[in-house]
Structure formats: structure tokens, C-alpha cells
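To keep things clear, I will list the structure first and then write my remarks on it.
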Amino acid sequence: MSSPLAPASIDIFCRVIDNYGDIGVCWRLACNLLQTIHIHPDLALVKLIKEAAAQHQRKSPQALPLIRLWVDDLKSFQRILPLVDAQLSVQTLGMNHNNQVADSQLIGFIEIHTWNQASDSKITINKDEIHDNHQHHSSKTAKQNQLSKPIIPAPISIEAFACELDADYIAAMPGHTKYWFNLEYLSAEDWVSSFHAQASLQNNGVAKYFFFPGFSQSTGGLLRETDLIMRQSNFLNNRQAQASWLSQYMGENVCQAWQEGARLMSFFSYPHAPIESLFKALLASEDRYILLMPHGVVPEAEDMLAALLKHQSPYSYRLTSQTKEILKATDKIRIHRFEFIEQYQFDYLLSLCDINFVRGEDSFVRAIWAAKPFVWHIYPQEEQAHLDKLCAWLDSYSMPNAYRELLVAWNRNAPADIETCQGILTDFFSQASVRHDLQGFAREYRDFLLQNPTLSFSLLSFQPQNS
């Protein structure tokens, strides 16, 4: 009988629930972990990875690390990383120190596996799909082959957002997996600090540690690449680089309008966002704005704006046949639709905009690092539980009162809240002093959070509390 495959350095399991948020976090985590392993080789769990590689007779203890990322929805993954082939069950990407897929100067590999969590299928790999992990490679889909080799669990296994691992994988963990983490959702609630890094012994004898991202040093911190702030700074100090980026990713028309003085904002929300209040606030401004919005987000936005421009009721905006002509009649607000861009480029979009409307967890954290004013649309939950999480974050740091009111109103979205949103946003778009103050707060808050360890560093330097 042939021997099982040697283990990866880290296994990350992801079940896509919110289209892009879950896989967005997991992909960033995989990339960040490789970067942290490369920069901090003396961290406790990095040493563990090297020891495990040596014990399983990898080519050498110094071999480049391999992270396996198990995903149940490659189509959503492909939207944020176009290099992913949604038809392949196994594909390997080489990564460089800038967290980019590359062919040279590699620091490690990420091997992407399809994973049907809803089924009872075993986690195995067909022998025809086995390939050299020390080459940048995306294998063609292998023919079905009954001779398969079981996956050996990695020394570090990360179960993202309680996605429930495959039973055969769990059974195989003893003797292989030293640290089993359940990566929780981001929250600033008070109880998070006391539950962070707590262990729960599982039926297979392996302890599972609950790991919470967060906004304080008593949590796991936030995802952030080591070069992110410098990369953003260099970009914002290079007007030509900004123009080139806009031309490539948003089009020549957007770039030209920006060069002629139009302001930019990005908009990524859940469907129930009170976008009507944003349009009314923009119409009261003297500046020109371009609203950069991915395809599929609030698909009725153009018709709603057209109705407002015709002074009709915002609830009778089914004007599809006339929308284009109406929107051409004004240069005050333009909506520019674009295809989803890969995560690495998304940071530049946020950096370029005067204000960013973001949703969920991944975009929220990236908006913080962009140090630009932003409006967060938190993931909605039953019985308004998301408002408690929102208020916990608002209470975690001293924030301007008007900003607090705006975020609560934006997420609660009652009739009175729409008026609140419109009033506060009107002040932002019409008064340079208000924009300046909120910009100052965004930069101050970013700098405050930079003092905390990153999530990847916290994971790889983890030590059980009883050790």
C-alpha cells in the first residue's frame, strides 16, 4: 500500500455563506500566514511547522510552506481572485512576499481544494491530481480514479466560522494536528476577550481553540499584510500611478472625470441600504461625484437616481427605458458599474475614494486600513442582533457623535433613520470642515489599531494558557 501524502503546513476550511465575505477572509488569511511565516521564522507555530515537515520526510525542513485552502464555492472565490479556475478540484498557486500569485521569488504555496461540506464525501485526493508542490501549477481536472490517498491533517488546522470539518478528517487529526483553531467572526463585544483562545477538548482527543479577531490586544487582532500601509502610502503619493490604476480598473472615462475634479466614492452594501438618503445628500452638494459600484449591488440604483432627478417619488423608480437619458442630463452624480476586482487591487480602490460604503467583515477591515471615512453596513441578523455588535464596536473607541448616529441609522434603516442619514451625509458632502474632521478620525483610528499584532502573527505565536 502506498503511503499517504505528506501534510500541508496549515489547513484552512471555508464554507461560503455570504458570497464573498467568508472566502475573502480565508484567502487573505492564507496569504497573510505565508507572509508571516516568511518574515517571522522563529514564532512558536512556525517552528512546529518545520518540525512536522522534517518528521514526515518532506524534501527538507526548509522546504517552502504549503497551505491547503478548502473551499465549497469556487465561483464566489473566482470573483475576488480571477486566477482561480472554478472547474478544477485541485490547483496550486505560488505566492511571493507581496502576497501576490507569482512564478518567482516564492515564499510558499497555497493549494486550493474543492470541499463539499454538505455531503458525506471523504476528504481524499485522486492520485492523478498529485503534483509537485514546488512549482507554480494549476492542474487540469483529473479523471475519476478509485485509487485515492487520504489527506494527512496539517499540524495546524483552521476551521473558519464553525464550518464543521469532515468526519474522516477529524478522525485522522490525532497524532498529526497539534493546534485546531475555530476562527470566529469579528466582534468588539465585551465577552470576546474572555472567550478568546479558550480550549475545548473534542471527542477525538484534540483541543479546539476558539480564536477571535478583534480590536484590542486581548484578542487575535485584525488581518493586515506587513507591507500594506507602505504600499498604500506609495500609491497615494504617485498621481500617475493612481491615474493608471483608474484607467485599467474603472475605465478611461472615470479617470478623466477624476482628473477634472470629480470626487470618488465606493459603494458595496446589502440590498436594504438606505441609498436614497445618499443620493439626496449628493444632490445637495456642489461637487461632482462618481459612485463606483460593483455589478449586482443594489441593481435598482440607477432607476432610483433617475426618479429623484425627475422629482418623482423614490418608490416609483421603475424607469428602465428612460434611465440612461435622464442620467445623462446631470453631471452631478454618476454611477459607474464595474466587475469585481481581485482583493489585492481592492485596497487601491478604497485608498482613492473620499468615502467608502462597505459591508460585512472583510471590506470593513480593509476600509479601516485605508484610513478614509467609511460607512459600515454590518451583516444583518435576526432580532436586530447585529445592532448590538455595531454599538459594541462604536463603544470600543471614542468616535464623533455624528458618525455614531450615521452608522446606527444606516443599519437600522427606519423612516426616521433615513432622514438622519440624509442630514449627516449632506453635511459631509457640502462642508469641507466636516470631511476634514472625519478624515482625521479615520487616520487616527487606523494608527491606533496598527499598534496591535495582526491576526496571522497572533495565530503563529499562539501558546496555550496552561503552557
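The values are calculated or read from the model by the stated rules, or taken from the named source; none is laboratory data. Everything numeric here is computed off the predicted structure, so don't read it as measured data. Heads up: the accessible areas ignore ligands, DNA and RNA and are worked out on the full protein's heavy atoms, side chains in. Shrake-Rupley method; radii C 1.70, N 1.55, O 1.52, S 1.80 Å.
Can you give the translational diffusion coefficient of the range 153-227 in µm²/s, computed by Stokes-Einstein from the Kirkwood radius over Cα pairs at 20 °C and 1.002 mPa s?
Translational diffusion coefficient: 162 µm²/s.
Is the shape of the range 360-406 best called rounded, prolate or oblate, per the rule: a/c under 1.5 gives rounded, else a/b larger than b/c gives prolate, else oblate, with a ≥ b ≥ c the square roots of the Cα gyration tensor eigenvalues?
It is oblate, given that a/c is not under 1.5 and a/b is not larger than b/c.
Once the principal axes of the Cα atoms of the range 213-256 are found, what is the range along each, listed largest first in whole angstroms?
That works out to 46, 18, 11 Å along the principal axes.
Put Arg443, Arg231 in order of accessible area, largest first, 1.4 Å probe: what do you get?
Per-residue accessible area, sorted high to low, gives Arg443, Arg231.
What order do Thr114, Thr426 take when sorted by accessible area (1.4 Å probe), most exposed first?
Accessible-area ranking of Thr114, Thr426, largest first: Thr114, Thr426.
To the nearest 10 Å², what's Val16's accessible area with a 1.4 Å probe?
Rounded to the nearest 10, that gives 30 Å².
At 25 °C and 0.890 mPa s, grab the translational diffusion coefficient of the range 371-450 from Stokes-Einstein with a Kirkwood Rh over Cα pairs, rounded to a whole number in µm² per second.
In µm²/s, the coefficient rounds to 184.
Over the alpha-carbon set of the range 260-299, work out the extent along each principal axis and list the three values in angstrom, largest first.
Extents along the principal axes: 29, 19, 11 Å.
Take the alpha carbon gyration tensor of the range 403-467, find the square roots of its eigenvalues, order them as a ≥ b ≥ c, and report rounded if a/c is under 1.5; if not, report prolate when a/b exceeds b/c, else oblate.
oblate
Per residue and in cubic angstrom, what volume does the convex hull of the Cα atoms of the range 219-307 have?
Given the Cα convex hull of the range 219-307, per-residue volume reads 164 Å³.
For Arg263, what residues show an amide H to amide H distance below 5 Å, using hydrogens built from the backbone and excluding near sequence neighbours?
The answer is Arg288, Tyr289, Ile290.
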